[in-house]
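Novice: Okay, handing you the structure first.
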Amino acid sequence: MKNIAVIGTGYVGLVTGTCFADLGNKVTCIDIDERKIQLLLAGGVPIFEPGLEEVIRRNIAAGRLMFTTSYADGLRDAEFVFIAVGTPSGVDGEADLQYVRMAAETIAETMDHPLIIINKSTVPVGTGDWVADIIRKQQPQPIQFAVVSCPEFLREGSALADFMNPDRVVLGSLDREAAEKVAQLHLPLRAPIVLTDLRTAEMIKYASNAFLATRISFINEIAAICEKLGADVKEVAAGMGYDKRIGRAFLDAGVGYGGSCFPKDVKALEYMGLLHGAHPALLRAVMEINRDQRRRIVHKLRETLGGSLIEKRIGLLGLAFKPNTDDMRDAPSVEIAHMLMRENAEVRGYDPVSMPVTERMIPELALAKNAYDLAEGCDALILLTEWNEFKHLDLAKLRSLMRTPVFLDGRNVYEPRTMWEAGFQYYGVGRGYNTTNGE
């Protein structure tokens with residue numbers, strides 16, 4: 001059993017701390033937000049992640065997982081300290097490191113014994129060296145420490161499984177002994193461990209996310225061409241995916257990527273490239289295509305409804321950026337809702353999980369009780385999140401409730417012929433056919 005401190009009880013910090021506790025370690029999670037700590041101490045969870053609440057309660061009961069607002073309490077017995085605080089986008093797309101700085105300074109001022117400090121947050125290349133400099137300068141007296149980069153590769157909605165069954169663990173440090181100790185901490189996961197230097201580890205995280213975002217934008221570019229040429233992008237993606245060099249993952253055309261990682265990480269990587277004299281043209285194209293996907297939905301809707309959206313009632317099926325999460329950060333629904341409102345449409349929304357978050361983010365958006373309540377009197381429905389419950393709707397009932405049977409499937413969930421036979425004027429993404437009669 002190792003003593004671990006995790007700074008930050010956001011998505012990454014909470015999953016990291018809870019999973020390490022479930023592996024038999026003693027973990028203390030630290031957060032300066034007293035409200036979140038009180039909620040966690042009571043067995044509640046400030047985020048939605050399938051299975052997380054149960055694992056938190058189990059490890060609290062076992063005495064392996066604790067929560068505090070005090071750095072002194074959290075670091076007292078720790079050998080490893082994970083920094084897992086937010087790094088949101090700044091004004092120019094750069095990563096905002098104010099929370100990393102605050103964590104590093106407070107560690108330096110509080111620590112009274114040697115520590116291995118592990119950057120779990122997604123941070124720009126060179127941040128590990130910067131954190132080491134901050135701690136060295138801020139310490140009241142010199143105490144030995146090492147900095148290791150261990151980027152996270154968690155997917156919201158499957159984070160527990162991703163942590164416990166990772167494709168790889170990436171560790172970077174200038175201190176080989178410290179990196180090997182962190183590697184030992186991860187051995188129970190039985191995953192390949194990549195040992196490298198600090199800057200390379202930091203770059204692996206950005207390059208991975210940028211590549212996945214590129215695959216999404218690529219297939220959306222292909223989808224736009226498919227619509228013009230009469231091809232079906234779902235079958236194109238399936239055919240491509242059989243090629244072992246390509247694979248099928250992240251080739252689902254739709255309304256584009258969102259969430260807390262891809263948008264900010266691609267922006268941050270572009271910013272780093274520009275700052276150091278590179279020419280990140282591909283990254284710019286990836287972001288531009290992603291923005292265009294959201295605009296294309298509104299443009300298609302406007303064309304379908306006769307050129308104007310004034311006083312048209314539009315229902316948004318799904319609001320979170322992906323299923324099995326309540327995360328609304330950079331969700332396509334947010335931008336699409338605002339674009340529709342600017343065109344004086346009457347916009348309503350429904351999501352099985354994220355509506356409390358939606359109320360805070362888009363207070364002007366009317367919310368429905370369920371999918372059928374949403375469809376009442378609608379001129380069009382737009383499916384934006386592929387929740388399982390949306391895959392099994394009573395289509396006849398849904399159609400009967402709508403004023404105009406227009407259905408824009410932003411995730412290509414439904415089969416076109418099924419929707420035509422149910423009486424819908426159906427539009428998918430990149431499915432080049434006559435949407436009214438199936439020819």
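Any read-out appearing in this document is the output of simple, stated calculations on the displayed coordinates, not a laboratory observation. Remember, predicted model here, so these are calculated numbers, not experimental data. Quick reminder, even Gly has a Cβ in these numbers, built from the backbone with ideal geometry, and neighbours come from all protein chains shown.
Novice: Using +1 on the beta carbon of Lys and Arg, -1 on that of Asp and Glu, and nothing else charged, what's the dipole of the stretch 233-427 about the Cα centre, debye to 20? Spell out each step's value before the answer.
Specialist: On the way: 27 positive and 27 negative charges, 74 e Å.
Charge dipole of the stretch 233-427: 360 debye, to the nearest 20.
Novice: Taking only C-alpha pairs under 8 Å that are 6+ residues apart, what is the relative contact order of the stretch 3-196 in percent?
Specialist: On the way: 356 pairs, mean separation 37.3, N = 194.
Averaging sequence separation for qualifying contacts and normalising by length gives 19 percent for the stretch 3-196.
Novice: Moving to a separate point now. In a Gaussian network model over the chain where Cα atoms closer than 10 Å are linked, find which of Ala159, Ala210, Ala231 has the largest mean-square fluctuation.
Specialist: Ala231
Novice: Could you grab the relative contact order for the chain? Cα pairs under 8 Å, six or more apart, rounded to a whole percent. Working shown, then result.
Specialist: Details: 874 pairs, mean separation 52.0, N = 439.
About 12 percent, as a whole number.
Novice: Separate question: Set the bar at 19 Å for Cα to Cα. Now go through Lys205/Lys267; Lys26/Lys181; Lys2/Lys137; Lys2/Lys205; Lys228/Lys391; Lys264/Lys322 and name every pair that lies beyond it.
Specialist: Details: Lys205/Lys267 13 Å; Lys26/Lys181 16 Å; Lys2/Lys137 28 Å; Lys2/Lys205 26 Å; Lys228/Lys391 27 Å; Lys264/Lys322 16 Å.
From Lys205/Lys267; Lys26/Lys181; Lys2/Lys137; Lys2/Lys205; Lys228/Lys391; Lys264/Lys322, over 19 Å: Lys2/Lys137; Lys2/Lys205; Lys228/Lys391.
Novice: Let a ≥ b ≥ c be the square roots of the eigenvalues of the Cα gyration tensor of the stretch 3-196; is it rounded (a/c under 1.5), or, if not, prolate (a/b larger than b/c) or oblate? Numbers along the way, then the final one.
Specialist: On the way: a/c = 1.33, a/b = 1.22, b/c = 1.09.
The shape class here is rounded.
Novice: Return the percentage of antiparallel bridges among DSSP beta bridges fully within the chain, rounded to the nearest 5 %.
Specialist: Values: 4 of 48 bridges.
Antiparallel bridges make up about 10 percent of those DSSP assigns within the chain.
Novice: Run the dipole for the chain about the Cα centre, Lys and Arg Cβ at +1, Asp and Glu Cβ at -1, nothing else charged, and hand back the magnitude in debye, nearest 20.
Specialist: On the way: 49 positive and 58 negative charges, 112 e Å.
Using Cβ point charges on Lys, Arg, Asp and Glu, the chain gives about 540 debye.
Novice: Sorted from largest down, what three extents in whole angstroms do the Cα atoms of the stretch 163-253 have along their principal axes?
Specialist: 58, 25, 20
Novice: Which residue, chosen from Val15, Leu189, Leu75, occupies the Cα position most advanced towards the positive end of the dipole of the stretch 3-196, where the dipole is computed from +1 (Lys, Arg) and -1 (Asp, Glu) charges on Cβ about the Cα centre?
Specialist: Leu189
Novice: Using only Cα atoms, locate the centre of the stretch 246-261 and the centre of the stretch 303-321, then give the distance between them in Å, rounded to an integer.
Specialist: Computed from Cα coordinates, the inter-centre distance equals 23 Å.
Novice: Another question about this same structure. One-quarter of the Cα convex hull surface for the chain, in nm²?
Specialist: On the way: hull surface 88.4 nm².
Result: a mean projected hull area of 22.1 nm².
Novice: Something else now. Can you spot the aspartates and glutamates whose alpha carbon is less than 18 Å from Lys244's alpha carbon? Ignore those fewer than 8 places along the same chain.
Specialist: List returned: Asp167, Glu235, Asp252.
Novice: Something else about it: For Leu212 paired with Glu235, estimate the spin-label separation in nm (one decimal), with each label point 7 Å from Cα along the Cα-to-Cβ line.
Specialist: Distance between the two pseudo-spin positions: 3.0 nm.
Novice: Another question, if that's okay. The stretch 183-243 to the stretch 334-351: how many Å between their Cα centroids?
Specialist: 30 Å
Novice: Which residue, Pro140, Tyr350, Gly128, has the largest displacement toward the positive end of the dipole of the chain when charges sit on each Cβ (Lys, Arg +1; Asp, Glu -1)?
Specialist: The Cα lying farthest towards the positive end belongs to Tyr350.
Novice: With a cap of 10 neighbouring Cβ atoms within 10 Å, and only residues DSSP puts in a loop, list the chymotrypsin sites (Phe, Trp or Tyr not before Pro) found in the stretch 199-280. Present the calculation step by step, with values, prior to reporting the outcome.
Specialist: Values: sites: Tyr206, Phe211, Phe218, Tyr242, Phe250, Tyr257, Tyr271; in loops: Tyr242, Phe250, Tyr257.
Loop-located and lightly packed - Tyr242.
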